[in-house]
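Presented below is the structure to which this report refers.
Only the coordinates and a few stated rules stand behind these numbers; no lab work does. What you see is a predicted model; the values in this text were computed from it and never measured. Neighbour counts are summed over all protein chains in view; Cβ atoms, including those assigned to glycine, are modelled from backbone coordinates with ideal geometry.
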Amino acid sequence: MIKLGTYRHFKGNTYKVVMIAKHSETLEDFVVYQALYGEKGMWIRPLAMFEEMVQVEGQAVKRFVYVGD
């Protein structure tokens with residue numbers, strides 16, 4: 001399970017993970033997070049996708065990297 005706190009997206013923006021929630025039907029874990037820029041929108045993403053690696057210029061990098069509380 002991931003820590004609550006601030007994360008940097010591989011594209012550079014920062015987000016605050018506020019909670020982990022479960023899908024009511026599948027019980028899949030979802031990350032609930034808020035943008036720390038612009039209109040500070042709230043987002044959800046499956047935990048597995050939040051933690052996955054993505055390809056950037058031919059290299060595998062984490063989609064989100066924990067940067068602190």
Report task. Determine whether the range 51-60 contains at least one residue that is touching a Pro at 6+ places or on another chain (Cβ under 8 Å) and surrounded by 14 or more Cβ atoms within 10 Å (Cβ to Cβ). Result -> no
Query raised in the report: Taking the range 5-47 on its own, how many of its residues are surrounded by fewer than 16 Cβ atoms within 10 Å (Cβ to Cβ) and outside any strand (DSSP E or B)?
Result: 16
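Name the one entry in 7, 37 that is in contact (Cβ under 8 Å) with a residue 12 or more places away in the chain and under 10 Å from the mean Cα position of the chain (by Cα). Give the derivation first.
Details: 37 fails: under 10 Å from the mean Cα position of the chain (by Cα).
One residue alone meets the criteria, 7.
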